[in-house]
Amino acid sequence: MNNVLIKPVVTEKSNELQENLNRYVFVVQKGANKLQIKDAVEKMYGVTVDAVNTYILPGKAKNRYTKSGVIEGRTSAYKKAVITLAEGEEIDFYANI
């Protein structure tokens, strides 16, 4: 169950969602469904989850220029989940630092 959540996303956009709308963003396993994500967040952080929205971000094509020529590759696709918490609940990602 703990391996459903891979890592929290800490960016300017996700911090704005946290402050204004009480939403938190996580990178999750591609095969996880919304119920599994909800259970994992509630167990790990001890909060009440109101809603879970998920989306899969496609991989991007990347080029790297080396001495022997151009190497073409692709980043892997991954899944994000936006978690909406109940009123008055919050998650502190920086408590363990």
Could you grab me the full set of residues in segment 18-69 that are at positive phi and surrounded by fewer than 11 Cβ atoms within 10 Å (Cβ to Cβ)? Gly46, Gly69
Between a residue in segment 50-76 that is in contact (Cβ under 8 Å) with a residue 24 or more places away in the chain and any residue that is of a type in the set (Phe, Trp, Tyr) and surrounded by 10 or more Cβ atoms within 10 Å (Cβ to Cβ), which pairs come within a Cβ distance under 6 Å, given they are 6 or more apart or on different chains? none
Output the number of the condition that Glu12 fails; it satisfies all remaining conditions of (1) within 24 Å of Ala95 (Cα to Cα); (2) loosely packed, with under 14 Cβ neighbours inside 10 Å; (3) at pLDDT below 95. (3)
Within segment 22-69, of all residues that are assigned to a loop (DSSP other than H, G, I, E, B) and under 20 Å from Thr11 (Cα atoms), the one nearest to the chain's Cα centre (by Cα) is Gln29
Qualifying residue in segment 72-80 (condition: under 19 Å from Val10 (Cβ atoms), of a type in the set (Lys, Arg) and out of contact with any helix residue (DSSP H, G or I) (no Cβ under 8 Å at 6 or more places or on another chain)): yes
Those residues of segment 70-97 that are of a type in the set (A, V, I, L, M), in a strand (DSSP E or B) and surrounded by 10 or more Cβ atoms within 10 Å (Cβ to Cβ) come to a total of 5
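The values are calculated or read from the model by the stated rules, or taken from the named source; none is laboratory data. On a predicted model such as this, the values are computed, not experimentally measured, just so you know. No Cβ is skipped: glycine too gets one built from the backbone with ideal geometry, and neighbour counts run over all protein chains shown.
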